[in-house]
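The values are calculated or read from the model by the stated rules, or taken from the named source; none is laboratory data. Bear in mind the structure is a predicted one, so any value in this text is a computation, not a measurement. Don't worry about glycine lacking a Cβ; one is built from the backbone with ideal geometry, like all the others, and counts go over all protein chains shown. The area values use the complete protein model at the heavy-atom level, side chains included, leaving out ligands, DNA and RNA. Shrake-Rupley method; radii C 1.70, N 1.55, O 1.52, S 1.80 Å.
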Amino acid sequence: HIKGANKYVSLCASTDLKSSPQSGWLYYRFGRIGAVELEFPGTPMRSAQRFQFFHYSRSGLESTELTFKNIGYTYSLFSNAGHDGDSAEGDLLEGLRITGQRGAGTQTLLCRSKAFSNWTLIEGAVPCDEESELNACTYKP
């Protein structure tokens, strides 16, 4: 549930996503209950391959992101737990970051409360974000 808005972000996967990443499906949805504003991708065929996964951890910090690109925008679902030097131990930030193309700006929508998430269900089924040198993800289709 997005803080300050009556909107939701959801990520749904088939039960066979990890065992069969080529045939399993993964969907992102954003909007109000009963009124989806954005669903990605449009078809389930090889849908997990349309996302990129990032995971990094070190003592006191864990960062996970699932990213996709759609019509000139980059969408990143994120979960950052711990501290990074600027925050106190145990802080948790979860939400959605939307970045426009060519410096059009970034909007960050934070979750109202702790998100229900289990990243291990998609790690290993979604290609790694290869742009980050810090990524601990190892799956490459």
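Accessible surface ranking for 37, 133, 123, 1.4 angstrom probe, highest first: 133, 37, 123. At the residue level, residue 1 shows approximately 60 square angstrom of accessible surface with a 1.4 angstrom probe and all protein chains present. Spin-label model, residue 116/residue 132: points 7 Å from Cα along the beta carbon direction are separated by 2.5 nm. Just the accessible area for residue 71, please: 1.4 Å probe, Å², rounded to the nearest 10? Looks like 150 Å² after rounding. Which shape class applies to region 1-78: rounded if a/c is under 1.5, otherwise prolate when a/b exceeds b/c and oblate if not, where a ≥ b ≥ c are the square roots of the Cα gyration tensor eigenvalues? In terms of gyration-tensor shape, oblate.
How much FRET efficiency would the formula 1/(1 + (r/R0)^6) give for residue 37 and residue 106, where r is the Cβ-Cβ distance and R0 is 30 Å, rounded to 0.05? About 0.95, to the nearest 0.05.
The distance between label points at residue 57 and residue 92 comes to 1.4 nm (points 7 Å beyond Cα on the Cα→Cβ vector).
Between the entries (i) 15.7, 51; (ii) 15.1, 42; (iii) 15.6, 46, the label attached to Rg and Dmax of the Cα atoms in Å calculated for this structure is (ii).
As a test of reading the structure, rank 116, 40 by solvent-accessible area (1.4 Å probe, protein chains only), most first.
From most exposed to least exposed: 116, 40.
Against the criterion of solvent-accessible heavy-atom surface with a 1.4 angstrom probe, 56, 75 sort, most first, into 56, 75.
Extending 7 Å from Cα along the Cβ direction at residue 70 and again at residue 6 yields two label points whose distance is 2.2 nm.
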